[in-house]
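One structure is given here, and the rest of the page talks about it.
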Amino acid sequence: MKTLRPYGFFSDLTFGDPTAPKLRACLDDKPVGENVQRVARYLRAGVQFSVVPMLVHDIIAEERSAIGPLRYLTDGEWVWRSDLPYYVEKYHCRIPSEFITHMKSRDWIPPADVDLSQIKMPFEENA
């Protein structure tokens with residue numbers, strides 16, 4: 001079993017990782033470079049790993065508008081929340097350089113054939 005590398009499970013989000021930084025600490029005043037659209041597309045195109053039966057809302061905006069259902073997506077190496085591309089585009093959420101390098105190495109296209117039976121979430125017991 002391979003343990004996925006998580007990103008986007010900010011401690012101030014519902015079902016976030018309490019040891020992770022807060023989302024606001026990862027926002028920037030400028031986009032994640034010229035690849036912001038490529039990053040967002042890659043994140044949206046990940047393979048669905050898990051679904052949480054709830055709707056997530058924008059925790060930055062005062063009106064707390066709905067973003068969509070919460071899903072966990074993967075490319076077989078990394079795992080992220082389905083609201084991450086929203087925060088990348090709207091608030092310029094920073095992505096770790098090793099994750100950007102990984103996306104670029106795949107020509108900005110996540111694989112569609114991830115064997116979900118061979119991977120596990122980093123938060124699972126016995127991870």
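The values are calculated or read from the model by the stated rules, or taken from the named source; none is laboratory data. The model shown is predicted, which means the values in this text are computed figures rather than measured ones. Methodologically, a virtual Cβ is constructed for each residue, glycine included, from the backbone with ideal geometry; neighbour enumeration extends over all protein chains shown.
Would you confirm, using the coordinates I've provided, whether PHE123 is within 25 Å of LYS2 (Cβ to Cβ), over 13 Å from the mean Cα position of the chain (by Cα), of a type in the set (A, V, I, L, M, F, W, C) and not in a helix (DSSP H, G or I)?
yes
Here is a yes/no grid of residues against (1) in contact with a Phe, Trp or Tyr (Cβ under 9 Å, 6 or more places away or on another chain); (2) at pLDDT below 95; (3) more than 26 Å from THR3 (Cα to Cα):
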site: LEU23; (1), (2), (3): yes, no, no
site: TYR42; (1), (2), (3): yes, no, no
site: ARG64; (1), (2), (3): no, yes, yes
site: LEU70; (1), (2), (3): yes, no, no
site: TYR87; (1), (2), (3): yes, no, no
site: LYS90; (1), (2), (3): no, yes, yes
site: ILE109; (1), (2), (3): yes, no, no
site: ASP113; (1), (2), (3): no, yes, no
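With respect to LEU13, is the statement that it is aliphatic (A, V, I, L, M) and buried (at least 19 other Cβ atoms within 10 Å of the Cβ) true? Yes, satisfied. The condition (being farther than 17 Å from ARG24 by Cα and among the basic types (Lys, Arg)) is satisfied by just one residue among ARG71, ARG81: ARG71.
Conditions tested, residue by residue: (1) surrounded by 17 or more Cβ atoms within 10 Å (Cβ to Cβ); (2) more than 14 Å from the chain's Cα centre (by Cα).
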residue: ARG71; (1), (2): no, no
residue: PHE99; (1), (2): yes, no
residue: LYS104; (1), (2): no, yes
residue: PRO110; (1), (2): yes, no
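Quick check on the range 95-104. Is at least one of its residues in contact with a Cys (Cβ under 8 Å, 6 or more places away or on another chain), within 16 Å of PHE9 (Cα to Cα) and modelled with pLDDT of 95 or more? Reasoning before the result, please.
Filtering the range 95-104 down to residues in contact with a Cys (Cβ under 8 Å, 6 or more places away or on another chain) leaves none.
No, because not a single residue in the range 95-104 is in contact with a Cys (Cβ under 8 Å, 6 or more places away or on another chain), within 16 Å of PHE9 (Cα to Cα) and modelled with pLDDT of 95 or more.
Determine, yes or no, whether VAL39 is in contact (Cβ under 8 Å) with a residue 12 or more places away in the chain and under 15 Å from TYR86 (Cα atoms). Spelling it out, VAL39 is indeed in contact (Cβ under 8 Å) with a residue 12 or more places away in the chain and under 15 Å from TYR86 (Cα atoms).
Name the single residue that is nearest to GLU89 (Cα to Cα) among those in the range 16-69 being among the polar types (S, T, N, Q) and in contact with an Asp or Glu (Cβ under 9 Å, 6 or more places away or on another chain). In this case the residue turns out to be GLN37.
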